[in-house]
1. Taking segment 91-133 as the region of interest, how many residues are in a helix (DSSP H, G or I) and under 25 Å from F222 (Cα atoms)?
2. Of the residues A154, A161, A118, which single one is in contact (Cβ under 8 Å) with a residue 40 or more places away in the chain and touching a Phe, Trp or Tyr at 6+ places or on another chain (Cβ under 8 Å)?
3. Name, by its number, the condition in (1) surrounded by fewer than 23 Cβ atoms within 10 Å (Cβ to Cβ); (2) farther than 20 Å from V238 by Cα; (3) in contact with a helix residue (DSSP H, G or I) (Cβ under 7 Å, 6 or more places away or on another chain) that does not hold for G274.
4. Pick out the one residue from G34, G70 that is crowded, with 22+ Cβ neighbours inside 10 Å and touching a His at 6+ places or on another chain (Cβ under 9 Å).
5. Restricting the search to segment 51-99, which residues are within 20 Å of the chain's Cα centre (by Cα) and not hydrophobic (A, V, I, L, M, F, W, C)?
6. Does segment 341-392 hold any residues that are outside any helix (DSSP H, G or I) and surrounded by 21 or more Cβ atoms within 10 Å (Cβ to Cβ), and which are they?
7. Quick one: which residue in T221, T150 is at pLDDT 95 or above, on the phi < 0 side of the Ramachandran plot and of a type in the set (S, T, N, Q)?
8. Just give me the residues in segment 222-263 being under 23 Å from L53 (Cβ atoms) and hydroxyl-bearing (S, T, Y), in sequence order.
Amino acid sequence: MTGFKTFMKSGHPPTLLAAFLYFDFCFAVWVLNGALGPFISEQFHLTQGQIGLMVSVPTLAGALMRFPLGVLSQYIGRKSAAIVEMSAIILALVYGCFFVKTYHDVLAMGVLLGIAGASFGIALSLGSGWFPAKYKGLAMGIAGAGNSGTALAALFAPRLAVRFGWQHVYGAAAIAMLLPLTVMIAFAKEPEDAERQSFAEHIQCLWERDGWVFNMIYVVTFGGFIGLATYLPSFYFVQFHVSKVEAGSLAVLATVTGSATRIVGGWLADSIGGVRALTIAFVMAIAGLAGLVAAPMSLLATTLLLMVCFAALGAGNGATFQLVPLRWPLTTAVAGGMIGEVGALGGSIVPNLLGQSKQHTGSYAAGFVIFACLACAVLALMRAEARGWAGSWVGADGKALTPKVEGEIVV
């Protein structure tokens with residue numbers, strides 16, 4: 001408890017709260033089509049491949065919007081960028097409530113929902129900006145726990161859809177977005193950790209080898225998290241023939257687990273180092289995926305194994321962003337936007353992998369196997385590259401360097 005109080009006093013808690021709510025509600029909006037998947041697929045008689053495409057479009061669109069928003073935030077401020085983004089989201093949701101009528105409209109709406117997916121880099125940079133290097137992992141873990149928005153969407157969207165119709169869920173979400181917008185305007189304070197640089201300096205991380213290593217790490221951790229989270233309601237609905245509301249509730253068990261362990265991952269990375277924490281997370285995720293392929297597809301076993309996978313992926317997300325601000329301390333928002341952008345592309349791949357696997361083989365096993373193989377390859381890449389990181393911009397196992405002057409980071 002004393003340690004947590006010290007952590008809170010070292011930064012600006014109201015800004016951290018605003019960043020969490022901003023990310024949480026944006027995340028819920030981002031995955032709305034996934035949560036509504038069983039309703040939409042039933043109304044339009046979609047194939048498994050079409051379902052995979054439908055739930056992946058918002059993820060892909062959000063990935064492509066992240067980096068530009070990260071760059072914009074460096075010029076107008078992270079708080080201002082968040083306010084602009086949330087205002088655009090509300091307008092998009094109002095449009096969806098009144099004008100989405102066909103499957104192609106749903107795909108187009110998925111592009112608009114991608115606006116919400118662009119929030120990632122801004123939320124984490126804003127939330128952690130007031131905290132010193134030794135607490136960056138925990139601060140980013142708390143802000144990043146806003147990916148619990150997947151649970152909010154899976155829990156409430158199906159229930160609202162049953163009562164009011166799935167199109168009107170967009171309208172309910174527009175009203176809900178007023179809460180984080182108000183908190184952001186009233187309580188958030190722009191961190192003082194930004195430094196004016198040229199556009200070329202901002203995008204320097206795009207050409208660095210380390211940037212692409214982190215991209216691949218995040219393809220597995222975050223891409224796996226968001227990809228599985230958006231597909232789970234449809235997965236449960238098809239695989240186990242549960243009701244649409246039950247499918248959403250089952251998805252919540254996994255997504256809440258992954259959201260909670262994001263904080264644990266950030267804290268663990270601060271304690272034992274980001275590289276070591278990521279190694280543990282990858283091994284757990286690979287084991288969980290292997291279990292999904294090898295174990296009988298019972299509802300209980302599948303749910304427990306998915307919870308293991310999400311716990312590992314969530315912790316991996318937190319551990320990754322303990323390292324990012326240490327590697328790019330002056331351009332964290334831009335670096336985070338780039339890594340989040342490429343990582344989210346992994347989220348657009350996973351639903352399509354699972355959908356095509358089910359449609360063409362009658363089983364989801366091939367999709368899980370391919371994703372597990374990718375995780376193994378990225379783990380090997382990270383361990384090889386991490387040998388050159390120690391002593392350069394991080395300490396052993398990915399711990400923050402301890403400089404002679406408190407708060408200074410040697411890069």
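1. Here is the first cut: in segment 91-133, the ones in a helix (DSSP H, G or I) are 91-99, 103-117, 120-128, 133.
Add one more test, that the residue is under 25 Å from F222 (Cα atoms), and what stays is 92-93, 106-117, 120-128, 133.
The total comes to 24.
2. Sole residue among the options that is in contact (Cβ under 8 Å) with a residue 40 or more places away in the chain and touching a Phe, Trp or Tyr at 6+ places or on another chain (Cβ under 8 Å): A161.
3. With respect to (1) surrounded by fewer than 23 Cβ atoms within 10 Å (Cβ to Cβ); (2) farther than 20 Å from V238 by Cα; (3) in contact with a helix residue (DSSP H, G or I) (Cβ under 7 Å, 6 or more places away or on another chain), G274 is out only on (1).
4. G70
5. Correct list: G52, S56, P58, T59, G62, R66, P68, G70, S73, R78, K79, E85.
6. Taking segment 341-392 and keeping what is outside any helix (DSSP H, G or I), we get 362-364, 387-392.
Answer for segment 341-392, where residues must be outside any helix (DSSP H, G or I) and surrounded by 21 or more Cβ atoms within 10 Å (Cβ to Cβ): Y364, W389.
7. None of the others qualify; the one that does is T221.
8. T230, Y231, S234, Y236, T255
The values are calculated or read from the model by the stated rules, or taken from the named source; none is laboratory data. Since this is a predicted model, take the numbers as computed values, not measurements. Note that each Cβ is placed from the backbone with ideal geometry, even for glycine, and that neighbours are counted across all protein chains shown.
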